[in-house]
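Laboratory data are not the source of any read-out in this text; all were calculated from the coordinates shown. The structure presented is a predicted model; accordingly, all values stated were derived computationally and were not measured. Positions of Cβ are backbone-derived with ideal geometry, glycine not excepted, and every protein chain shown enters the neighbour counts.
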Amino acid sequence: MALLENPLEHPEKFHISKDLGFILEDPLEELPDRYQVWVKLAKNLPTLVEEGQFREEAEQLPELSIDELQGYKEQRLAHLALSVITMGYVWQDRNVKEVLPRNIAVPFWNLSEKLGLPPIMVYADCVLANWKKKDPLGSMTYDNMDTLFAFPGGDCSKGFFLVSLLVEKAAASAMKVIPDIFEAVKKKNSESLKESLQSVASSVYEAYKTFQLVHEHVNPNDFFNILRVYLAGWKNCSLLPKGLIYEGVSEIPKEFAGGSAAQSSIMQCFDALLGIQHTTENGNAKYLEEMRNYMPSPHKIFLEAVASHSSVRDFVSSSDDIQLKKAYNECVKALVHIRNYHLQVVNKYIISPSSKQDSEKGQKSSDDEVKGTGGTNLLIFLRSVRDTTKRALLEES
Ligand code: HEM
Ligand SMILES: Nc1ccc(Cl)cc1-c1cn[nH]n1
């Protein structure tokens, strides 16, 4: 990958697909024989956790060098497998592990550095690289897909990861018009910009419609009580207050945030493209900015190129073309719509199960319980991100 290329003109050089966006196309399902032990253990996680044997099996892994991993797809599959093993090892049961053994920690740390990812499971692992078609000749529909790896909780992780993937795929249809948008602004071509913005708005609405699959495929209690535990990180975490020790890497514990769709490049790409700047007052911008470090480095570079070159908002604001302003506002309204819907989902999948648990236990959940997977105080954060999006609407006069 030539990092000197202009990402906006050659997204394919930044592992961005014109059809699937930031989704890893046709992920590998197996590694070369010497590394297959990682894949095998990660695939057996649900059964071994059920039997209380996962940690013991993980501690038997050989310590392998990452140098024999050939190519980007092998590296992504290896990072995914090691990330699943790490989450299972730390969170297998409520007596959390404070030390990740060196046979996992050393290759995971080294591979993370190579990929520009943190040594923890990220959205790019469990969503963007964690999928296959059952019938390779079939289409990318829920019934023709499966995840490569799962967590305890039955089909909950499959549902959560695959619905997220299909939302990414729906939104990805906007990616192909990004170069046209920058060209249109450069050439001050309002007609072309209007068409491209209308295409972006319809992609976001497609993503909103796909999001509704979550109700069909994710059970709220399994999500809240089981899966959410395994997605949690070790930053601002009361169970691992200093973070996790990566044995063989450092004796000093390291903190990393849990998996979150705040690490979804496509959602941050829409904000960047439209010039929607989240507030710095309450840490929203800082958190979202920090989550860019949890994206594959080529995707982070692409996102930063969009953010630094996007003068779409300035061009539309200064235009007297009302139809152009309407096209821009359609994009913003679509983002507000999906963020409003997302808030309803969060109430159903986190707030309600949390208060149900409180009444059953007769006590208030700890602060962690009402935090998101990314360790944020979720409702304040999500409402604020939605409100900032709404404030980006332009006067249509
Ligand atoms: C059961 C379903 C879901 C729940 C319970 C949920 C919960 C949350 C929570 C608690 C946050 C706060 C930030 C954090 O902790 O990292 C968050 C952020 C976010 N979620 Fe979800 N989420 C769900 C599904 C999805 C899906 C399917 C998507 C899209 C692929 C998504 C996209 C986002 C985005 C982009 C953010 C960052 C804030 C923003 O840009 O609006 N979420 N979600
Ligand atoms: N959709 C997701 C898929 C995977 C992981 Cl690790 C997190 C999320 C998520 C959604 N909203 N916040 N995080």
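For residue 18, give me every one of the aspartates and glutamates with a C-alpha distance below 15 angstrom, ignoring sequence neighbours fewer than eight places off in its own chain. Within the straight-line cut-off, residue 18 pairs with 9, 26, 168, 180. Cross-link pairs exceeding 31 Å between alpha carbons, from the set 40/356; 169/194; 40/286: 40/356; 40/286.
Our coupling estimate for region 338-349, obtained by passing each phi through the Karplus curve with A = 6.51, B = -1.76, C = 1.60 and θ = phi - 60°, is 6, 6, 5, 4, 4, 5, 5, 5, 5, 4, 6, 9 Hz, Gly and Pro reported as x. With q set to 0.18, 0.20 Å⁻¹, the log10 of I(q)/I(0) for region 104-244, from the Debye formula over equal scatterers at the Cα positions, is -1.10, -1.18. Only helical DSSP H runs with n ≥ 4 go in: add -39500 (n - 2.57) per run for the chain, normalise by residue count and round the 222 nm mean residue ellipticity to 500 deg cm²/dmol. Helix-only estimate at 222 nm: -15500 deg cm²/dmol. Whole-percent P(r), region 187-274, all Cα pairs, 10 Å bins from 0: 13, 26, 26, 20, 12, 4. Each Lys or Arg adds one and each Asp or Glu subtracts one; over the other residues with Cβ under 13 Å from the Cβ of residue 110, this totals -2. Under a 5 Å amide H cut-off, with hydrogens placed 1.01 Å from N, residue 21 pairs with nothing among residues at least 5 apart or on other chains. Computed from backbone phi with θ = phi - 60° and the Karplus coefficients 6.51, -1.76 and 1.60, the 3J(HN,Hα) list for region 124-133 is 5, 7, 7, 10, 6, 10, 9, 8, 8, 8 Hz; x is used for glycine and proline. Counting every pair of alpha carbons in the chain, the share spaced more than 41 Å apart comes to 13 percent. Our analysis of region 244-397 gives Rg over Rh at 1.06, with the two radii drawn from alpha carbon positions and Rh computed by the Kirkwood formula. Karplus-derived 3J(HN,Hα) values for region 19-36, using 6.51 cos²θ - 1.76 cosθ + 1.60 with θ = phi - 60°, are 9, 10, x, 8, 5, 6, 6, 6, x, 5, 10, 9, 10, x, 2, 5, 9, 4 Hz; glycine and proline are entered as x. As a rough footprinting exposure proxy, the listed residues 126, 237 were ranked by other beta carbons within 10 Å of their own, and the order from fewest upward is 237, 126. Give me the percent relative contact order of region 17-392, please, defined on Cα pairs under 8 angstrom at least 6 residues apart. Relative contact order here is 19 percent.
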